[in-house]
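Taking it in order: structure first as structure tokens, then the write-up.
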Amino acid sequence: MKNVKFCPICGAKKLIHSFQLNKASEKAYDNGAALTPPMGWSSWNLFRDKISEQLIKEIAEAMDKSGLKDAGYQYVNIDDCWQSSSRDENGRLQADMINFPSGIKALSEYVNSLGLKLGIYSSNGTLTCEDYPATLGHEAVDADTFAEWGVEYFKHDFCHNVPVPTKTPYIIKIGVGEKYKQDICVKYASEAVLTGNARLVEDKEIDGCHYIKGLCSRNGTAEFNDITVPEDNDYVLTLTIRKSGTDDKFLVICVNGEDEYYLNAPGTKSPTPEGRLQIGIRLRAGKNSIRFYNPIGSKMDSAFFQYKLMGEELKRATREYAEKNGTEEKKIVYSICEWGFRSPWKWGREAGNLWRTTPDIMANWLSILSIYERTVRLGEYAGIGGWNDPDMLEVGNGELTYEENKSHFSLWCMMCAPLILGNDVRKFIKPDGSVDRDNKVYQILTNKYLIGINQDALGIPCKKAKGFTKSPLIDILVKPLTNARVAVCVFNKDNKPCETEIDINKIADTAGVNLKKKASYKVFDCWEEKAFETSKIKAEPEKHGVEVFIIE
Ligand code: GLA
């Protein structure tokens, strides 16, 4: 994706982008945000639709007063149900007009005044999961709105998504001309250079008519060359198409191998065989080339395309807002919430800063265990600026035991998961205003050693290490850290306590671990907060429990 410009011909904002799915995992989103996994709080896990400006303010105040902010939790994220069901008179999203009386900009300023950042939510669909207005087709205006509000985290769900069509219109001819004037250059289907499955078809119903077929699903391209115009300018491109079937269609238009525009064409049952598609494009004086193709071949392509589009809009919007107002740019962490069905770990890194790996978490052990198992395998896709997201934390919610809460937190730290709290952090403040430091959930969430593992600047998620134990119910997780250290987590999935011994020399032999072999190592037990020297660690995690060590 390159630029977004105002099209002087259509008057509309047109997205100009380049779409290279094959390079997805090579190019990072690179907005300079989320260099380590983001840390914050979200309203969804506990409060669902029962949210208000008052609640968000109270949560932000509690994060400030309780020391959660100082522990690293900076984002206060409003999830679904903040919106009014109507956009405002300018087509912009607006908050519920009763529950958020000051609006999101004022709330964001308040949250900022406490040294925290505000996050917001929508869906890459026509509506959110709770059926409020969402961003699909409104990407530019919604990104502008979020930038203007000063939000710094955007979670983008996948409910009510409408995929980009894989079908493509059949092209009879193209014309280029200045607006309100005659075409100055017309090219017929037979003049195009075709690749792949693209082919010229003779129309049986319209005498002498040929059209280009076979551009769908990344299968072929059609290029028209020598489109000659007198000067650098915006021109109207008119495509005469052969109508075919009721499926919606999609086409990317690439001008001079640089700028790319996209076109949606509705499926039709209308009686006339020919249709017309028009769009404003920028051409340069002299000869130009225009190539047509459809890069969408699958549901994965479509999701990537749509998320990338929004991601680029967010970057543009924050940059433009800062330039216009002479303020420092507030980058938006872009959180992709596609639930893992379309392998977002393969393309999420190019489209945004984090991507959900699974459907929704629930505050029970089975849910946490299954999300962990699915995510821990995906470590190779995550790294600085782009993270696997096994969903927001349920620590302190539901019926999780102390050990389960501790394990849930430790596993998320080891996997370099975003640490987005989902509990009622107001409970950490006692009625007399002091912090309840004896609260076990508080102690878990503020364990600075675990947070340090999660936030380590190397940004390398843990891997399951093999050959340490025969039990399928014990996982040994190994995560390289800065300064030639390594974090090791012994995770007991069994329904009873277990005992295991870890030979640190074998950890040092593990691929990717930068630990020099020695007779004895400095070991720090992150939950017991005890340091000792040894070459073998004896771990005895409780049922569903963990022990976590930093070794150097
Ligand atoms: C989806 C998401 C959740 C939450 C809800 C809100 O289910 O996966 O995390 O945002 O929508 O409606």
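Every residue in the range 114-154 that is among the charged types (D, E, K, R) and either within 15 Å of the ligand (Cβ to nearest atom) or closer than 25 Å to residue 36 by Cβ (or both), please.
117, 130, 131, 152
Residue 173 passes all but one of (1) open to solvent by less than 50 Å² (accessible area, probe 1.4 Å); (2) assigned to a strand (DSSP E or B); which number fails?
Residue 173 satisfies every listed condition except (1).
Being within 16 Å of the ligand (Cβ to nearest atom) and in contact (Cβ under 8 Å) with a residue 40 or more places away in the chain is the filter here, so list the residues in the range 381-394 that pass it.
387, 388, 389, 392, 393, 394
Quick check on this structure: which one of 141, 151 is surrounded by fewer than 24 Cβ atoms within 10 Å (Cβ to Cβ) and within 20 Å of the chain's Cα centre (by Cα)?
The match here is 141.
Would a scan of the range 290-312 turn up a residue that is touching a Phe, Trp or Tyr at 6+ places or on another chain (Cβ under 7 Å), under 27 Å from residue 226 (Cα atoms) and not aliphatic (A, V, I, L, M)?
There is at least one residue in the range 290-312 that is touching a Phe, Trp or Tyr at 6+ places or on another chain (Cβ under 7 Å), under 27 Å from residue 226 (Cα atoms) and not aliphatic (A, V, I, L, M).
Would you pick out the residues in the range 278-296 that are open to solvent by less than 20 Å² (accessible area, probe 1.4 Å) and either among the charged types (D, E, K, R) or outside any loop (DSSP other than H, G, I, E, B) (or both)?
Here is the first cut: in the range 278-296, the ones open to solvent by less than 20 Å² (accessible area, probe 1.4 Å) are 279-281, 283, 288, 290, 292, 294-296.
Result: 279, 280, 281, 283, 288, 290, 292.
Test residue 176 against the stated conditions and say whether it is within 30 Å of residue 307 (Cα to Cα) and either more than 16 Å from the ligand (Cβ to nearest atom) or at pLDDT below 95 (or both).
Criteria not met by residue 176.
Restricting to the range 85-94, count the residues that are within 16 Å of the ligand (Cβ to nearest atom) and open to solvent by 10 Å² or more (accessible area, probe 1.4 Å). Full working, then the answer.
The initial filter retains those residues of the range 85-94 that are within 16 Å of the ligand (Cβ to nearest atom), namely 85, 93.
Right, trim to open to solvent by 10 Å² or more (accessible area, probe 1.4 Å) and you get 85.
Here the count works out to 1.
Of all residues in the range 466-482, which are surrounded by fewer than 22 Cβ atoms within 10 Å (Cβ to Cβ) and within 17 Å of residue 503 (Cα to Cα)?
Passing the criteria: 466, 467, 468, 469, 470, 471, 474, 480.
Matching residues to (1) assigned to a loop (DSSP other than H, G, I, E, B); (2) in contact with a strand residue (DSSP E or B) (Cβ under 6 Å, 6 or more places away or on another chain):
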| residue | (1), (2) |
| --- | --- |
| 107 | no, no |
| 111 | no, yes |
| 121 | no, yes |
| 136 | yes, no |
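Looking at the range 47-63 only, could you name the residues that are part of a helix (DSSP H, G or I) and either in contact with a Pro (Cβ under 6 Å, 6 or more places away or on another chain) or open to solvent by less than 50 Å² (accessible area, probe 1.4 Å) (or both)?
47, 53, 55, 56, 59, 60, 62, 63
Would you say residue 405 is in contact with a helix residue (DSSP H, G or I) (Cβ under 6 Å, 6 or more places away or on another chain), under 15 Å from residue 454 (Cβ atoms) and of a type in the set (S, T, N, Q)?
So residue 405 does not fit the description; no.
For the range 484-546, which strands (runs of 3 or more DSSP E) that fit wholly inside it have 2 or more residues that are among the charged types (D, E, K, R)?
Result: 500-503, 521-525, 530-534, 536-539.
Can you tell me which residues in the range 297-329 are over 23 Å from residue 218 (Cα atoms) and in a loop (DSSP other than H, G, I, E, B)?
326, 327, 328, 329
The values are calculated or read from the model by the stated rules, or taken from the named source; none is laboratory data. Just so we're clear, the structure is a prediction, and the values are computed from it rather than from any experiment. Heads up, the Cβs are rebuilt from the backbone with ideal geometry, glycines too, and the neighbour counts pull from every protein chain shown. Areas reflect the complete protein model, heavy atoms only, side chains present, ligands, DNA and RNA absent. Shrake-Rupley method; radii C 1.70, N 1.55, O 1.52, S 1.80 Å.
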